[in-house]
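Notes for the one structure printed next.
The values are calculated or read from the model by the stated rules, or taken from the named source; none is laboratory data. The structure displayed is predicted, hence computed values, not measured ones. When we count neighbours, we look across all protein chains shown, and the Cβ atoms used for this are built from the backbone with ideal geometry, even at glycine.
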Amino acid sequence: MSFVDAIKSGFRNYVTFKGRASRSEFWWWTLFAVIVQSVTSVLGETINSIASLALLLPGLAVNVRRLHDTNRRGTWLIWPLVTLVVGIVSFILFAVSASLDFEKASEWDLENAVQGGPVAFIIVGSVALLATLVLGILNLSFTLMKSDPEMNRFGPPPPPKSLPTN
């Protein structure tokens, strides 16, 4: 699939989360999105925000279809976000808990913090952020995989590249 065909397909299938997208369709769309974001970031925050919103749904749709092409569910996209939220919430809870412990104790130190329990929030947050990284890399590897050449539970494979005729 060519660059222009991928852009047309991305907008034509704006909210189509069914079916499959080839590697080339996904990566050409990704390049297009990066170019648009780069150009609109120079033009101002408002224009960049509008462009981001315009590209959000088709970007998600092509990403889900790309996962379908490797015979994986689109929910793989959600897991890094879930673990990121868990990590952020854990660090916020740690900060709140540590500040409460700090107000109670005349001398705040690591021993008081450990006894107070906020260290558990750091551990959970660290593991969650590590999981975010691992799942993000895993999702990237899925987008790099070859297409499943056979029919899978998400439909037939994307049409092959058309070869130029002489």
Query raised in the report: Going through the range 40-74 one residue at a time, which ones are hydrophobic (A, V, I, L, M, F, W, C) and touching a residue at least 12 places away in the same chain (Cβ under 8 Å)?
Result: ALA51, LEU55, LEU57, LEU60, ALA61, VAL62, VAL64, LEU67
Report summary line: Checked the range 6-36 for anything without any contact (Cβ under 8 Å) to a residue 60 or more places away in the chain and charged (D, E, K, R); matches are LYS8, ARG12
Report summary line: Cβ pairs under 9 Å, 6+ apart or interchain, first in the range 150-161 and closer than 10 Å to ALA21 by Cα, second at pLDDT below 90 and charged (D, E, K, R), ordered by first then second residue, are PRO157/ASP148; PRO157/GLU150
Report task. Look at THR132 and say whether it is β-branched (Val, Ile, Thr), modelled with pLDDT of 90 or more and under 20 Å from ASN71 (Cβ atoms). Result -> no
**Report entry** Single match in LEU53, LEU43 (criterion: more than 19 Å from LEU144 (Cα to Cα), within 16 Å of the chain's Cα centre (by Cα) and not aromatic (Phe, Trp, Tyr))
**Finding:** LEU53
Query - Only one of VAL82, VAL64 that is at pLDDT 85 or above and farther than 20 Å from PRO156 by Cα - result: VAL82
Report summary line: Among residues of the range 116-146 being within 15 Å of GLY74 (Cα to Cα) and hydroxyl-bearing (Ser, Thr, Tyr), the residue surrounded by the most Cβ atoms within 10 Å (Cβ to Cβ) is THR143
